[in-house]
1. Tally time: how many residues in segment 25-75 are within 23 Å of R230 (Cα to Cα) and in a strand (DSSP E or B)?
2. Tally time: how many residues in segment 87-122 are at pLDDT 95 or above, surrounded by fewer than 20 Cβ atoms within 10 Å (Cβ to Cβ) and closer than 17 Å to L28 by Cβ?
3. Restricting to segment 195-249, what's the tally of residues that are within 14 Å of I145 (Cβ to Cβ), out of contact with any strand residue (DSSP E or B) (no Cβ under 7 Å at 6 or more places or on another chain) and assigned to a loop (DSSP other than H, G, I, E, B)?
4. With respect to the numbered conditions (1) under 24 Å from S85 (Cβ atoms); (2) open to solvent by 50 Å² or more (accessible area, probe 1.4 Å), which one is the sole condition not fulfilled by P177?
5. Quick check: anything in segment 158-169 of a type in the set (A, V, I, L, M, F, W, C), open to solvent by less than 20 Å² (accessible area, probe 1.4 Å), under 20 Å from S203 (Cα atoms) and touching a residue at least 40 places away in the same chain (Cβ under 8 Å)?
6. Could you grab the pairs with beta carbons closer than 7 Å, sequence gap of 6+ or different chains, first residue in segment 240-263 and in contact (Cβ under 8 Å) with a residue 40 or more places away in the chain, second one open to solvent by 40 Å² or more (accessible area, probe 1.4 Å) and assigned to a loop (DSSP other than H, G, I, E, B)?
Amino acid sequence: MAELSENVLTGRLGPEPSRLVATSVFWLHHGTRLRGGGVTYLNQYVLVRVGEVFGACAFESGELDPSVCHSASGSTLQTLLKSESSPLRTAALDAYLAHLRPHHAVGEAEEVLLPAGTPEVRASARDAAIAEILEVDPGKKVGLIGVVNPLVAAIRSRGAECLPCDLTLRETHWGDPVARSMSGVLDEADAIVATGMTVGNGSFDEILRRCRQRDIPLVVYAQSASAVARAFVGHGVSAVSAEPFPFSQFSAQPTSLYRYRADARAGVSA
């Protein structure tokens, strides 16, 4: 991540970030409890808008407050990329990379249109789209860093064993214990599926390093840092499901996510 940020700051990838202005910075906080669910998910995001694109990063409670909207809106991306706040830096980096190559304009991206409908309908379509890039063989162990219950089910439906890990959830929908530390999961799994939030909280570098070291597939499902995760496809990341803002939970109308694959088959080989 440090090298990617440095390449952006020095203008090696495109326009110097001092020439790009974050017109708007958003602080978003929402809760979700789907029908029949027993867990209320609380999510916070910081969004950075540059032209037609948004950079995004989820963050933990207390990391940012709404004053960031006033202090950061109108700043250059260079300023935001040097912020003391990791989520704000990540959102700015995501905005830069999305501005450079918008998801909707990238030839190798496979667009998946999520249908209009209720939160349950849209969440189901989103999770199904993610699950389709999880081609795993029966008997394999898949580490899930950032637990989403439908992905637990999708992994198991393919005959694989799910090793869930999350900073806040203590058990899955079915009562399975969820590890808080990802160290053991990274050692044991035959493949890793991670959320884009790992980019903002600083754990992505270690996940990427261990997957490269062990030569195992890494799939990222990203609302947070979707353009950042895309930058590592073919360089340690096997596939990405990128969902730029507006995220599926913020609209009842059709929205798109974009899938990227390093190879024709991103998954666990026998």
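The values are calculated or read from the model by the stated rules, or taken from the named source; none is laboratory data. None of the values given here were measured: they were computed from a predicted structure. Glycine gets a Cβ as well: all are built from the backbone with ideal geometry, and neighbour counts include every protein chain shown. Protein only, heavy atoms only, side chains kept; ligands, DNA and RNA dropped before computing areas. Shrake-Rupley method; radii C 1.70, N 1.55, O 1.52, S 1.80 Å.
1. Looking only at that region, the number is 17.
2. Summing the residues that are at pLDDT 95 or above, surrounded by fewer than 20 Cβ atoms within 10 Å (Cβ to Cβ) and closer than 17 Å to L28 by Cβ in segment 87-122 gives 0.
3. So the count comes out to 3.
4. (1)
5. no
6. Pairs that qualify, where the first residue is in contact (Cβ under 8 Å) with a residue 40 or more places away in the chain and the partner is open to solvent by 40 Å² or more (accessible area, probe 1.4 Å) and assigned to a loop (DSSP other than H, G, I, E, B), are A252/A116; Q253/A116; P254/P115; P254/A116; T255/P246; Y260/E108.
So that you can scan it fast, the table gives a plain yes or no per residue for (1) polar (S, T, N, Q); (2) touching a residue at least 24 places away in the same chain (Cβ under 8 Å); (3) more than 16 Å from G200 (Cα to Cα):
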| position | (1), (2), (3) |
| --- | --- |
| S24 | yes, yes, yes |
| F54 | no, yes, no |
| A58 | no, yes, no |
| E63 | no, yes, no |
| S67 | yes, no, yes |
